[in-house]
Amino acid sequence: MIRVDTMVIGGGPAGSAAACGLARDGHDVMLIERAATPHHKVCGEFLSADTQILLQRLGVDALALGAAPVAELTLHTSSRSLTSTLPFRGLSLSRYRLDAALMQQAQFSGTRLHRGVMARAVRREASGWSVVCDNGHTIGCRNLVVATGKLGLRGIDDKRDHSRVGLKMHLRPTSALHRALEGRVELYFLDAGYAGLELVEDGIANLCMVLPQETTGKSGASWPVLRNRLTIALPELAKRLADAEPLWEKPKAVVCPGAGHLHREPDAAAYRVGDRLAHIPPFTGDGLAIALGSAALAVQHIQRGLSADHYLAAARDLTAGPIQLASVISRLAGHRFSRNLMFAAAARNPGLIRSIVRHTRLPLTPGETIAAVQPGVSRGSP
Ligand SMILES: Cc1cc2nc3c(=O)[nH]c(=O)nc-3n(C[C@H](O)[C@H](O)[C@H](O)COP(=O)(O)OP(=O)(O)OC[C@H]3O[C@@H](n4cnc5c(N)ncnc54)[C@H](O)[C@@H]3O)c2cc1C
């Protein structure tokens with residue numbers, strides 16, 4: 001059996017960030033990622049201020065990778081629109097580029113990286129864990145970091161709500177649409193879902209949606225079918241996209257929970273990071289901050305020899321507040337009546353949108369380190 005000190009399963013932002021942090025500190029760390037090559041992932045591709053701070057700490061410069069700046073947020077319902085400046089400068093970068101850059105940082109830091117290798121199952125052993133891979137190898141490790149995103153893992157799975165489907169399509173916008181989107185993210189709320197539209201690098205527009213599973217099926221829909229649905233559900237968005245050129249045959253699709261989720265049970269000494277730890281309603285655009293922030297916390301706990309239970313308490317402390325608030329907003333925005341009330345309140349109080357944006361971020365400022373959060377001291381839970 002091959003042995004390593006720490007095994008990280010999943011090479012998304014959470015897994016790459018955890019591997020990078022540990023390898024930099026001289027740890028013997030192996031990272032396996034089931035996809036053999038970089039690929040597109042369902043995501044709004046919005047990088048909040050906290051995400052940017054955490055990326056900088058890892059040595060990833062989103063602007064240098066071509067990220068587009070985002071200064072304003074426009075919210076739409078079927079009958080009205082509201083625009084607010086963001087309380088920070090957002091950025092927008094495709095996950096294709098971002099995930100590849102993070103994985104490269106992990107490798108440069110000394111991580112033993114294996115792409116195209118999938119963990120089939122994990123088993124608890126007396127001295128740690130064994131990870132059974134689809135290439136026939138079994139890896140033994142002292143610490144296990146689970147970073148498999150939306151996917152569960154045999155041996156350490158948990159039950160999740162999968163009532164929604166996340167969809168993403170890249171489009172080449174017309175010059176009029178490009179001008180309208182410059183510096184802006186647009187969110188369209190509809191019953192039990194939302195759509196987001198913004199420019200990413202190279203002038204490409206990213207359309208991202210969350211819809212109930214019964215409207216699309218698990219694997220999503222073809223672009224013409226989705227566009228027809230948009231014409232009925234969000235006619236003003238469909239009109240804006242009418243002449244935009246789809247860059248893929250079919251939108252990318254992934255199942256996801258309908259509400260916020262934060263893992264509760266201490267489980268068998270594994271460090272869950274990113275989406276395996278928590279899901280914040282995606283309209284907030286802060287899931288990447290949770291992925292990178294939880295990875296940084298896991299690194300600190302592993303470095304100090306602190307248990308996964310200590311880590312879980314600290315991670316809950318870091319993420320519970322934003323997830324709780326985002327879940328309330330998501331529920332209110334998902335029904336026409338409360339959505340209209342919320343819009344009326346935001347129209348009367350111009351600071352409300354900025355305040356909600358600010359309070360759905362991780363409690364992290366440029367001067368504050370994640371280490372400031374004491375392990376094991378829990379301030380609240382969603
Ligand atoms: C519709 C939608 C829109 C979103 N928009 C935004 C946004 O605008 N901004 C933002 O910050 N967040 C957004 N998010 C959230 C963000 O996408 C996630 O929080 C983030 O991807 C979590 O990163 P991760 O590393 O935990 O998981 P992932 O990015 O999913 O990475 C997990 C990796 O593990 C690999 N893997 C899985 N199983 C195995 C296995 N058994 N063996 C080996 N490898 C495995 C996968 O191939 C994958 O590469 C959005 C989410 C959704 C659903």
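Here are a few things to note about the model shown:
- Any chance Arg184 is of a type in the set (Lys, Arg), under 27 Å from Phe337 (Cα atoms) and within 22 Å of the chain's Cα centre (by Cα): yes
- For the stretch 18-53, the set of residues classified as under 18 Å from the mean Cα position of the chain (by Cα), outside any loop (DSSP other than H, G, I, E, B) and near the ligand (Cβ under 8 Å from one of its atoms) consists of Glu33, Phe46, Leu47, Thr51, listed by residue number.
- Unique match (being within 16 Å of the ligand (Cβ to nearest atom) and surrounded by fewer than 24 Cβ atoms within 10 Å (Cβ to Cβ)) among Leu288, Leu341, Leu325: Leu325
- Only one entry of Leu312, Leu292 meets the criterion of being part of a helix (DSSP H, G or I) and free of Cβ contacts under 8 Å to residues at least 60 places away in the same chain, and that entry is Leu312.
- Subset of the stretch 7-17 (residues that are over 13 Å from Gln104 (Cα atoms) and near the ligand (Cβ under 9 Å from one of its atoms)): Ile9, Gly10, Ala14
- Within the stretch 58-87, the set of residues being modelled with pLDDT under 95 and more than 16 Å from Pro350 (Cβ to Cβ) comprises His76, Thr77, Ser78, Ser79.
- Checking each residue in the stretch 139-166 for being under 17 Å from the mean Cα position of the chain (by Cα), at negative phi and either at pLDDT below 95 or not hydrophobic (A, V, I, L, M, F, W, C) (or both) picks out Thr148, Lys150, Leu151, Gly152, Arg160, Asp161, His162, Arg164, Val165, Gly166.
- Cβ-Cβ distances below 9 Å connect the following pairs, each with a first residue in the stretch 175-198 that is more than 15 Å from Val357 (Cβ to Cβ), a second residue that is outside any strand (DSSP E or B) and among the acidic types (Asp, Glu), and a separation of six or more residues or different chains: Ala176/Asp243; Leu177/Asp243; Tyr188/Glu236.
- The criterion of at least 2 residues that are within 22 Å of Ser81 (Cα to Cα) and more than 13 Å from the ligand (Cβ to nearest atom) is met by the following strands (runs of 3 or more DSSP E) wholly inside the stretch 163-270: 183-190.
The values are calculated or read from the model by the stated rules, or taken from the named source; none is laboratory data. In this text, all values refer to a predicted model and were calculated from it rather than measured experimentally. Note: ideal-geometry Cβ built from the backbone for every residue, glycine included; neighbour counts use all protein chains shown.
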